[in-house]
Structures are given as C-alpha cells and as structure tokens.
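Data first, discussion second: the structure below is written as structure tokens.
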Amino acid sequence: LRLDVREAIDFSRFVLFQIGADTYNSTTERQMAVGNETGVIKEWNTQWGGDTYRTAPLECTGRIPWVSMHEGVARGQASEGAIANRGIVIRAWKARLGGKDAAPWVAERGLTRHRLDSSTLDLVPPPGITRLEPGDFIEATIEHVIMPQFAKDYYGPNEALRKALTKDENTWRMIHREAAGNERRVEMKSGVLERIFPAITISTVDDTAEFTLAGGLGYVPVTFEGLSRPDGFTLLINDQPLNQVVHGKDFWQTDDDAASGTWTRTYNVPVDDAETHVLRLTK
C-alpha cells in the first residue's frame, strides 16, 4: 500500500484498512485483541451495532503489530457450517499524517447493517489528526489473515497448522502465531532481493539465484524475476530438487513480463520445520 497526499484535505473519518465493511460484514466476532511479536497487549469483548466507534483508538506498537478478531459467530444466511476467524499483521509501516510521523492505530466500530449488528476493525490515523497535508504519505504492507476457527474445520495437508489449531483454536494466539512465525528472514548469496511480502521476490542474475531463508509458516511463495525463458529451471532446497508434482508440471507458475521481455517463475516452498533453508534456482 502506498498513498500520497498532494492537496490538503480535512476529514471527519478516515479508515486506512478495514476488516468487515460499513456496507457488508457476514460474520461477527465476540472478541478482539491487539498485540505484537511478544504476545497480546489487550483483549476485549466486542460491542456490536450502533454505527459508532466502541473503543478509543489503540496504538499498534512493537516490531510486528497484529490484530485478532476471534470467537466468530455466523449470522443470517451463513449461519450453518464452518466459518473463519480474521486478523491482520502489519509487516511494514511508514507514515506521515498531519505533517508528523505517525504509527498505525486501530479501533472497533459497531455496525448495524440489514438489521444485523456486528463490529468492524478499522485501521485509523492517530487521535487528533483531522487534516491531511501535502507531502503526507502512508507506505505499508498489511497481511490479511483468514484463520480456520477450529481444528475440526481444517481439512488441508498442513499438520503444523492442525496441531496449532488443536492447542489454540478460536483464540488470538493463532494470529500471534502467524505474526511471529511467518516473519521471513532472507540472506542473499546471488541475485537481488526485491521484497519479502506478499511473495519473496528475487531478481535473478544470468537466470540463477541463491539465498538462505529462515522463518515462515506453511507454504511460502517465492518468485524469481528476470528469467530469459519460461522453462528449463530447477529449484533446489538444501541441494534437493523441489518436486510437488501431482499432474505434470503443476507445482510452479510461469508468467510473461511483456514490458521487459523476460519471465517470472513462482514456487510455493514448504517451511514448517523451523529450520534454515538454502534455496537455489538453477538452469
């Protein structure tokens, strides 16, 4: 996310990111929590409805701020079957609002829509800021997490996730696990690191790249850019070829970058063992 302010503007309400929406919110969570990489800072019972803010803004502090919306209850037509809890992880944040450096803040807003009460989670400017000035900006990476509510609802292949759900289902701890566990640390040996989220993106040199990866949960997407051709590559993890074949070459994706005349290739790399991995793209 990158927002730049070119002209001064006054506002009465400014929401930078919202879980749920003023016009649509299909589930309702009975609890919210705010924390960072060290754990939870505050947890509270939500207050649905009213089209008004139910909490004062809370500053998001720490290296990896996160917000959890848990103990969800399905409403209306979606009242049967499994649902998910929700949350966000703020992976990167830099902002100037009202002419001053600004941290991210969040607040619960009670919502009434179609005669159903719920709450949204709003990412908002710091208290007291009601005007944006030229030169203000926000540059952020925000991860939106959709988390199975209960272990019995999850039918995928990730045993580490299933084990975590069995222990901490329907609590803020699952979003905290995502925030701390999915912190990715990359050290390049060859190639250029362009970004770490949403996918680790590497610019290759002579169609090759090598780096070490620590951290990550589940399957971490890795994209290699600047390739001279669409095929003929192998990804080695700790010197072993990655092979997730089910139907032919279906475990990687190649895309044409028409502007540069090159190709990109994306893999989903399993990294649930908490070890450091050496990844090397070869031709």
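All of the numbers you see were taken from the coordinates with simple rules; none came from a lab. Model, not experiment: these values are computed from the prediction. Virtual Cβ from ideal backbone geometry, glycine too; neighbours counted across all protein chains shown.
General remarks:
- In region 1-93, the trypsin sites (Lys or Arg not before Pro) that fall in loop regions by DSSP, at most 12 other Cβ within 10 Å: R6, R13, R63
- At full extension, D250 and D22 could sit 78.1 nm farther apart than now, given 0.36 nm per residue minus the alpha carbon distance.
- Where chymotrypsin sites (Phe, Trp or Tyr not before Pro) fall in DSSP loop in region 1-80, at most 16 other Cβ within 10 Å: F11, F14, Y24
- Between L193 and L1, full extension at 0.36 nm per residue minus the direct alpha carbon distance yields a gain of 67.2 nm.
- Unit charges on C-beta of K, R, D, E only; dipole of region 170-283, Debye: 200
- Only helices enter the 222 nm calculation for the chain: every DSSP H run of n ≥ 4 contributes -39,500 (n - 2.57), and dividing by all residues gives -2000 deg cm²/dmol, rounded to 500.
- Under the simplified labelling scheme, the H114-T234 pair shows an inter-label distance of 5.3 nm, with each label point 7 Å from Cα along Cα→Cβ.
- Simple label model, 7 Å out from Cα along Cβ direction - T276 to A82, nm: 3.6
- Dipole in debye (nearest 20) - the chain, about Cα centre, beta carbon charges: Lys, Arg +1; Asp, Glu -1: 520
- Hz values of 3J(HN,Hα) by residue in region 205-221 - Karplus curve (6.51, -1.76, 1.60), Gly and Pro given as x: 10, 6, 6, 9, 7, 8, 7, 9, 10, 10, x, x, 10, x, 10, 9, x
- By average C-beta atoms within 10 angstrom, highest first, the peptides 225-238, 175-188: 175-188, 225-238
- K152/R30 FRET efficiency (R0 22 Å; Cβ-Cβ; nearest 0.05): 0.70
- Cut-off 14 Å, label 7 Å out along Cα→Cβ of T208, residues of region 240-283 by amide N: 279-283
- Each of the peptides 143-149, 189-195 was scored by the mean count of other Cβ atoms within 10 Å over its residues; in descending order, highest first, they stand as 143-149, 189-195.
- Against the chain, whose longest principal axis comes from its Cα atoms, helix 159-168 is set at around 20 degrees.
- Pair R131, E59: separation of 7 Å Cα→Cβ label points (nm): 2.3
- Partners of K189 within straight-line reach, counting lysines whose Cα lies under 25 Å from its Cα and excluding those fewer than 8 residues away in the same chain: K283.
- For region 1-82, GluC sites (Glu not before Pro) are listed when DSSP marks them as loop and at most 11 other Cβ atoms sit within 10 Å of their Cβ; the list is E7, E80.
- For W93, distant residues with modelled amide H under 5 Å away: T141
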